[in-house]
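Engineer: Pasting a structure below so you can have a look.
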Amino acid sequence: GLAFTERLLSELRRQPGVLFSGIAVNIPFSGKNGKSAATVVGHVLRPGESPRGNYSYGVTGDYFQAMGFELVEGRFLTSADSRRAQRVCVVDKDFARYYWPHVSALGQRLFQGSSAGPEADSFTVVGVVGSIKQAGLTDDSAQGAVYYPYIYRPDSNIFVALRGGVRAQALGRTLESSVRRIDPELAVNDVQTMDERISQSLITRRSPALLAGAFSAIALLLTAIGTYGVLSYAVSQRTREIGVRMALGAQPEHIRAQFLSIASRLFLCGAAAGFVGGWLASKGMQTVLFRVSGFNMAVFSGAAGVLAVICFAACWLPARRAARVSPVQALAAD
């Protein structure tokens, strides 16, 4: 309840290394949805339009400072807002932009839920904070968020947000010891940094990228083996021709140049086909990328450069062997 959250925050503020501490019923990247409706005073639904769902949080303490929110307008919520008679709330920029695109959100009123209630139950907007990713880095729904004082949106499970000047592991131990001093029976779990939560949310996005990287490495290896095999076969098939040319005065560097020219043509044809295939593949990969263009000329040029090195390195040994063929042995070969 509220008494426990206030006591815990008071305990945490006294701990060395803790700069800001706050509590919320949910946090971004927690895996919980946390959406609900809010009814904005003065906003009329169009015929057939359903109430818009938005992210909804109950917060107390220095939650916004602990999470690093940007204050756009007005003020943050504090622990004192759970004790005030007037109901207040904070919204994010996406919410404010949708409902009040041409006026300030400060002073506007809304109700929790999908319908309006008595005037005394309305919440007055006292602050606008920056919009953040809620469910995942690729979540572009921009549905907005409303932050209420904890007393108006309590929950049996709470999240404690800490920001400090010490290592994250030390803050975790501080939290556990503070909770035990208040109530040894309470469980503290799911202690993670926000970076860890973000990394976990990207697992499903990173798996296809890692798989694509593995197949790319295999393709690169097959390219080198295939190029070497093709040129080695070409040398063996043209042994007598090489012998005749060298008997007629061809120099070893001419022979090497001939096979390097073959490698160049193979590379140019392969690079052109790969460029087209890579461009098409980048369109498909766009869905698993976050703020990264699927088509990047620097990446394509780098890949072409790597393949060029692989290609010419793979053809060097066959070309070198061809240049060292003895005319007598070549002409005597069946």
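Engineer: How many Å² of accessible area per residue for region 117-199, probe 1.4 Å?
Structural biologist: 52 Å²
Engineer: Something else: Checking the cross-link filter: which lysines have an alpha carbon closer than 18 Å to that of Lys93, excluding same-chain neighbours under 8 positions apart?
Structural biologist: Qualifying lysines at Cα under 18 Å: Lys35, Lys133.
Engineer: Normalise the Debye intensity by I(0) for the chain, one equal point scatterer per Cα, no solvent, then take log10 at q = 0.09, 0.14, 0.15 Å⁻¹ and round to two decimals.
Structural biologist: Ignoring solvent entirely, the Cα scatterers give -0.67, -1.09, -1.18.
Engineer: With the crude spin-label approximation of a point 7 Å out along Cα→Cβ, what separation in nm comes out for Ser177 versus Gln192?
Structural biologist: 2.6 nm
Engineer: For region 145-243, what D do you get in µm² per second when you plug the Kirkwood radius from alpha-carbon pairs into Stokes-Einstein at 4 °C and 1.567 mPa s?
Structural biologist: So the translational diffusion coefficient is about 65 µm²/s.
Engineer: Report, for the chain, the % of DSSP beta bridges that are antiparallel, rounded to 5.
Structural biologist: 70 percent
Engineer: Still on this structure: In nm², what is the average projected area of the convex hull enclosing the Cα atoms of region 1-131? Mind showing how you got there, number by number?
Structural biologist: Values: hull surface 36.7 nm².
Computed as one quarter of the Cα hull surface, the answer is 9.2 nm².
Engineer: Now, a different point. With every protein chain in place, what's the accessible area of Ser114 (1.4 Å probe, Å², nearest 10)?
Structural biologist: Here the accessible area works out near 80 Å².
Engineer: Same structure, new question: Defining a contact as two alpha carbons under 8 Å apart and six or more residues distant in sequence, what relative contact order in percent does the chain show?
Structural biologist: Normalised by residue count, the contact order of the chain is 19 percent.
Engineer: Moving to a separate point now. Could you please put Glu176, Glu119 in sequence from largest to smallest accessible area, using a 1.4 Å probe?
Structural biologist: Largest to smallest exposure gives the sequence Glu119, Glu176.
Engineer: Further question: How large is the charge dipole for the chain, taken about the Cα centre, if only the Cβ atoms of Lys, Arg (+1) and Asp, Glu (-1) carry charge, to the nearest 20 debye? Don't jump to the answer; show the numbers that get you there.
Structural biologist: Numbers: 34 positive and 23 negative charges, 185 e Å.
My answer is approximately 880 debye.
Engineer: Order Arg97, Arg321, most accessible first, counting only protein heavy atoms with a 1.4 angstrom probe.
Structural biologist: Output order, biggest surface exposure first: Arg97, Arg321.
Engineer: Using 7 Å Cα-to-Cβ label points, what is the Ser36/Trp279 separation (nm, one decimal)?
Structural biologist: 5.2 nm
Engineer: Pull up the cross-link candidates among the aspartates and glutamates for Lys32, meaning alpha carbon to alpha carbon under 18 Å and not fewer than 8 places away within one chain.
Structural biologist: Leaving aside aspartates and glutamates fewer than 8 places away in the same chain, those within reach of Lys32 are Asp139, Asp140, Asp155, Asp190, Asp195, Glu196.
Engineer: Now a separate question. Once the principal axes of the Cα atoms of region 18-69 are found, what is the range along each, listed largest first in whole angstroms?
Structural biologist: Result, largest extent first: 51, 26, 15 Å.
Engineer: Output the DSSP H helices from the chain with an along-axis C-alpha extent of no less than 27 Å and a mean Kyte-Doolittle hydropathy no less than 0.5.
Structural biologist: Taking the DSSP H segments of the chain (at least 27 Å long, mean hydropathy at least 0.5), we get 203-237, 252-285, 297-323.
Engineer: Test of understanding: what is the full-extension gain from Phe215 to Ala170, defined as 0.36 nm times their sequence separation minus their Cα-Cα distance?
Structural biologist: Extending this stretch completely gives an extra 12.1 nm.
Engineer: Between Ser301 and Ala120, what length comes free when the chain is fully extended (0.36 nm per residue of separation minus the Cα-Cα distance, one decimal in nm)?
Structural biologist: Residue separation times 0.36 nm, minus the Cα-Cα distance, leaves 58.8 nm.
The values are calculated or read from the model by the stated rules, or taken from the named source; none is laboratory data. Just so it is clear, the structure is predicted and the values come from calculations on it, not from any experiment. A quick note on method: Cβ atoms are made from the backbone with ideal geometry, for glycine too, and the neighbour counts reach across all protein chains shown. All accessible areas refer to the heavy atoms of the entire protein, side chains included, with ligands and DNA or RNA removed. Shrake-Rupley method; radii C 1.70, N 1.55, O 1.52, S 1.80 Å.
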